[in-house]
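The values are calculated or read from the model by the stated rules, or taken from the named source; none is laboratory data. In this text the structure is predicted, and so the values were computed from the model without any measurement. With ideal geometry, Cβ positions are generated from the backbone for all residues, glycine too; neighbour counts draw on all protein chains shown. Protein only, heavy atoms only, side chains kept; ligands, DNA and RNA dropped before computing areas. Shrake-Rupley method; radii C 1.70, N 1.55, O 1.52, S 1.80 Å.
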Amino acid sequence: MASLRSARLTSSPREIVARAREGGRRFPDGKAAPERTATLIHALVDDGRPAEARGEAENMVNLYPDSSWVREIEQFTGAHRHRTLRLDDAGQIESF
């Protein structure tokens, strides 16, 4: 993640996308996954690929709903978590 953070300062958006995707392949469930995904989304937008960024954002908000990175991406892209609601046996609404 340190390499990706420094790349944001000196590399092209296309290079940042490649590095972020490689990190996602190598460490899909790592602690830095939400930050890496947020970096990927910003780089996609900077590279003129907003539809691809929006798709990544939609996935991100559902994969990491409690991450502070998600809140930033929600504001940046307008993507929001998809929630499924149902009533439990006691008649209370459940979200999952």
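I'd like the residue in region 32-89 that is modelled with pLDDT of 95 or more and hydroxyl-bearing (Ser, Thr, Tyr) and, out of all such residues, is farthest from residue 14 (Cα to Cα). Among those that are modelled with pLDDT of 95 or more and hydroxyl-bearing (Ser, Thr, Tyr), it is 37.
Would you check if residue 79 is open to solvent by less than 70 Å² (accessible area, probe 1.4 Å) and in contact with an Asp or Glu (Cβ under 6 Å, 6 or more places away or on another chain)? Yes. Tallying residues that are touching a His at 6+ places or on another chain (Cβ under 9 Å) and among the acidic types (Asp, Glu) within region 38-80 yields 2. The requirement of being open to solvent by 90 Å² or more (accessible area, probe 1.4 Å), in contact with a helix residue (DSSP H, G or I) (Cβ under 8 Å, 6 or more places away or on another chain), on the phi < 0 side of the Ramachandran plot and charged (D, E, K, R) is not satisfied by residue 66.
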